[in-house]
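Please treat every number below as a calculation from the coordinates, not as lab data. As the structure is a computational prediction, the values presented were derived from the model and not from experiment. Every residue, glycine among them, receives a Cβ derived from its backbone with ideal geometry; neighbour counts consider all protein chains shown.
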Amino acid sequence: MRKRNHVVPLHLNKKELAHLETQVELSGQSREEYLRTLIMGAQLRARPCTHHADLLHKVAGLCNNANQLARIANTYGEADAASVEEMTRIAREVWKEVRENW
């Protein structure tokens, strides 16, 4: 049995259909999923470009490396706590910026 039993016919002109198809393509969703999301009031974002996944992976690696360096420096006393905190803060800022804007 189907979960969605109600069909809503919709008539569009050529321009409206082209716009809908463009938006659906950008979202990476199916047409039905895209329209349901719009109806429910969610804010839709374009699907990230393929190179963004690689960028996120590299930034995550940078953050992990910075974290490891901070632990080593803290363990052997070669960096003060303020420096470690500053490095960690910068890593978190970069990660947050990438996550929100990319």
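Observations
- Cut-off of 10 Å, at most 13 other beta carbons, DSSP loop: longest stretch of the chain lacking such trypsin sites (Lys or Arg not before Pro): 46-102
- Between Tyr76, Ala42, Thr88, the Cα set farthest toward the positive side of the dipole of segment 27-90 (charges on each charged residue's Cβ, about the Cα centre) is that of Ala42.
- Residue-averaged [θ]222 nm for the chain, counting only DSSP H segments that reach four residues, each worth -39500 (n - 2.57): -23500 deg cm²/dmol
- GluC sites (Glu not before Pro) within the chain, DSSP loop, no more than 16 other Cβ atoms inside 10 Å: Glu78
- Placing one equal scatterer on every Cα of the chain and applying the Debye formula, the log10 ratio I(q)/I(0) at q = 0.10, 0.11 Å⁻¹ is -0.53, -0.59.
- Helix 50-76 axis, angle to the chain major axis (alpha carbon atoms, nearest 10°): 20 degrees
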